[in-house]
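Encoded as structure tokens, the structure appears first; notes follow it.
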Amino acid sequence: MKLGKSALVAAAAVILFAACEPKPYRIGLAAQMSGQMADMGVAVRNGALLAAEELNAARKGRRQVELLSRDDHGDPAAAAAIAEEFSRRGVDLVLGHLTSTPTAAALPVYRKAGILVLSPFASSSSLLDGKGGVFLATTDTDAEATSAARLVARSFPGGRGLIVYDFSNRLYSEAWTRRFVSVAAELGCVVAARLPFQETGLTGALAAADSAASYRPDFVMLVANVLDSALFCQRLRLAGGRSAVFFTNWAMTPDFLSNGGEAVEGAVVLNDIDENAVDQASERFRRAYFLRFGRAPVTGAFLGYDALRIAVEALDASGGGEASSVEEAILRGGPFQGLQGPISFDGSGAVVRALSVFRIRDGAFAREGPAP
């Protein structure tokens, strides 16, 4: 079949337009989107996806954002395999992974491929090893554990407590534990025991709770995932434990509230994000997120949204160049405007943003003020 002159002209125009259209930024996102941390992992992905969609709508004629999402199941081997895939596919930057142990497993692959990593949720200070190529968008373990120890010491001067931690994500939990114990001791608190457990069909959390109740401490610092943390609190109360419970934002999701019930009332956590903030940007984001996904955003959604926007701003500033130039753009380009205030990074890759204290009241996370 022969094409008429006008059809040929139109086809040529389409080809020319496609050839001139800027190549999109290809951003990989890897998180645990199944299993015990699925709620947080899906939230990170959805927040990043919403940011990408909004940016693409506003960037007509400019480089669009292509988001490649993968579920690493929280497994280090799967995380490393995804890193290899992203390397083969030539991604410009990676948002991931959700927790610290899978992030550490994938990081050597990214570094070898020259791919910069910006993790929305992983926070082990051990990831900031001086080799570069990685940024943490949530407060790192050293900073968070230091603030938590100060809060505990302020609440229980000279108090006696325990720290209970899940070492299945040991890069995070052991770093967190070491820092907390060290600072708490400097401030006059006694950490009578460290009670590690491993995720083994939830039986580890039950045994840890029974042990904790026998100590009758003033406070328990809990470093574990959401379901284990909720189960620990249930069992602690059933065993007669009346200790104050402090926990980490690893467990700060609606699942902790629904699974913990009355047993988690009064528990205290530190976090970068106030999911119920009433400022204009947060309210707009909550409306847009609910319209897009049919649910309210949790912490991970805010972090994923901010991380994607920071990534694109840095890619723009660097001309979409090598990882080193994108890294320089992040270090020099801040502070970036996040949903809940300015975000910048220090030379190690640690985020600089404000932590707040939250207490569970009437089944909700209520902000009490800035962290010490």
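Secondary structure note: in the chain, about 30% of the DSSP beta bridges are antiparallel.
The string of couplings for the stretch 56-72 from the Karplus curve (6.51, -1.76, 1.60, θ = phi - 60°) is 4, 5, 8, 10, 4, x, 10, 4, 7, 10, 10, 9, 9, 9, 9, 9, 8 Hz, one whole number per residue in order, with x for Gly and Pro. The charge dipole of the stretch 142-271, taken about its Cα centre with unit charges on the Cβ of Lys, Arg, Asp and Glu (plus for the first two, minus for the last two), comes to roughly 380 debye.
A cut-off of 5 Å between modelled amide H atoms, ignoring neighbours fewer than 5 places along the same chain, links Leu93 with Gly28. Projecting the Cα atoms of Gly319, Gly349, Leu339 onto the charge dipole of the stretch 292-372 (Cβ charges, centred on the Cα centre) puts Leu339 farthest toward the positive pole. Efficiency by 1/(1 + (r/R0)^6): what FRET value for Ser324 and Ala77, r their Cβ-Cβ distance, R0 = 25 Å, to the nearest 0.05? FRET efficiency, Ser324 to Ala77: 0.30. With q set to 0.15, 0.21 Å⁻¹, the log10 of I(q)/I(0) for the stretch 47-176, from the Debye formula over equal scatterers at the Cα positions, is -0.78, -1.21.
For the peptides 224-233, 188-197, 33-42, residues were scored by their other Cβ atoms within 10 Å and the scores averaged per peptide; the highest-first order is 224-233, 33-42, 188-197.
With a simple spin-label model that places each label point 7 Å from the Cα along the Cα-to-Cβ direction, the separation between Ser34 and Phe290 comes to 3.1 nm. Across q = 0.10, 0.12, 0.20 Å⁻¹, the stretch 222-368 modelled as identical point scatterers on its alpha-carbon atoms has Debye log10 I(q)/I(0) values of -0.44, -0.60, -1.17, in the order of the q list.
For a modelled paramagnetic label at Arg359, 7 Å from Cα along Cα-to-Cβ, the residues of the stretch 270-306 in reach, with backbone nitrogen under 14 Å, are 270.
The charge dipole of the chain, taken about its Cα centre with unit charges on the Cβ atoms of Lys, Arg (+1), Asp and Glu (-1) only, comes to about 640 debye. A convex hull fitted around the alpha carbon atoms of the stretch 296-372 yields 101 Å³ per residue. Listed from fewest to most Cβ neighbours within 10 Å, the set Lys23, Lys60 follows the order Lys60, Lys23. Extension gain, Ala281 to Arg367, is 29.2 nm, computed as 0.36 nm per intervening residue step minus the present C-alpha separation. Look at the alpha carbon pairs under 8 Å that are at least 6 residues apart: their mean separation over the length of the chain gives a relative contact order of 18 percent. Is the stretch 142-271 rounded, prolate or oblate when judged by the Cα gyration tensor, a ≥ b ≥ c being the square roots of its eigenvalues, rounded requiring a/c under 1.5 and prolate requiring a/b larger than b/c? Cα axes put the stretch 142-271 in the rounded bin.
Read-outs: derived from the displayed coordinates by stated rules, not from any lab. Computed from a prediction, not measured in an experiment: that's the story for all the values here. Positions of Cβ are generated from backbone atoms using ideal geometry, with glycine treated the same way; all protein chains shown enter the neighbour counts.
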